[in-house]
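The values are calculated or read from the model by the stated rules, or taken from the named source; none is laboratory data. Worth saying up front: this structure is predicted, and the values here are computed from it rather than measured. Here the Cβ positions follow ideal geometry from the backbone for every residue, glycine too, while neighbour counts run over all protein chains shown.
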Amino acid sequence: MSEPIRSFAEFWPYYLGEHRRPGTRALHLVGTSLSLCLVLAALLTGRWLLLLAALVCGYAFAWVGHFFIEHNRPATFRYPFWSFAADFKMWWVALTGRLSGELQRIQQPH
């Protein structure tokens, strides 16, 4: 990607393209789910260190997928905020059964 991405609408197809392998997406799904559980646990118990654990957990699972399965550099390094938002969008789209349609859509020639 040579030109900088200027909107989330532009970023989303790029993000999905960086997550082509099912194993990478599965690790993201697990990491994001565990992170959400840890955030909820922190809110319910007042154990605020769990928020740090949530952050580490989410990124650890994702980065393992990128470095060892996808063999690419996580989008977080270049687009941290959009990447964070896209993690949750991909999580929701996967849980609602729409991820395969999104992946097919980005593979269509424009």
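A compact table of results
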{"read-out": "Residue match in region 10-25 (condition: in a helix (DSSP H, G or I) and more than 15 Å from the chain's Cα centre (by Cα))", "value": "yes"}
{"read-out": "Filter result for residue 102 (in contact with a Ser or Thr (Cβ under 9 Å, 6 or more places away or on another chain) and of a type in the set (D, E, K, R))", "value": "no"}
{"read-out": "Flag if residue 88 is out of contact with any strand residue (DSSP E or B) (no Cβ under 8 Å at 6 or more places or on another chain), in contact (Cβ under 8 Å) with a residue 12 or more places away in the chain and of a type in the set (Phe, Trp, Tyr)", "value": "yes"}
{"read-out": "Options 101, 58: the member that is in a helix (DSSP H, G or I) and surrounded by 13 or more Cβ atoms within 10 Å (Cβ to Cβ)", "value": "58"}
{"read-out": "Filter pass, residue 66 being at pLDDT 95 or above and touching a Pro at 6+ places or on another chain (Cβ under 6 Å)", "value": "yes"}
{"read-out": "Qualifying residue in region 65-73 (condition: touching a residue at least 24 places away in the same chain (Cβ under 8 Å), polar (S, T, N, Q) and surrounded by fewer than 17 Cβ atoms within 10 Å (Cβ to Cβ))", "value": "yes"}
{"read-out": "Residue satisfying condition, being part of a helix (DSSP H, G or I), closer than 20 Å to residue 102 by Cα and of a type outside the set (D, E, K, R), within set 34, 29, 43, 50", "value": "29"}
{"read-out": "Cβ-Cβ under 7 Å pairs, at least 6 apart or on other chains, region 33-58 side among the β-branched types (Val, Ile, Thr), far side in a helix (DSSP H, G or I) and surrounded by fewer than 16 Cβ atoms within 10 Å (Cβ to Cβ)", "value": "39/51"}
{"read-out": "Qualifying residue in region 11-20 (condition: at pLDDT 95 or above, closer than 27 Å to residue 108 by Cβ, exposed (fewer than 14 other Cβ atoms within 10 Å of the Cβ) and touching a helix residue (DSSP H, G or I) at 6+ places or on another chain (Cβ under 9 Å))", "value": "no"}
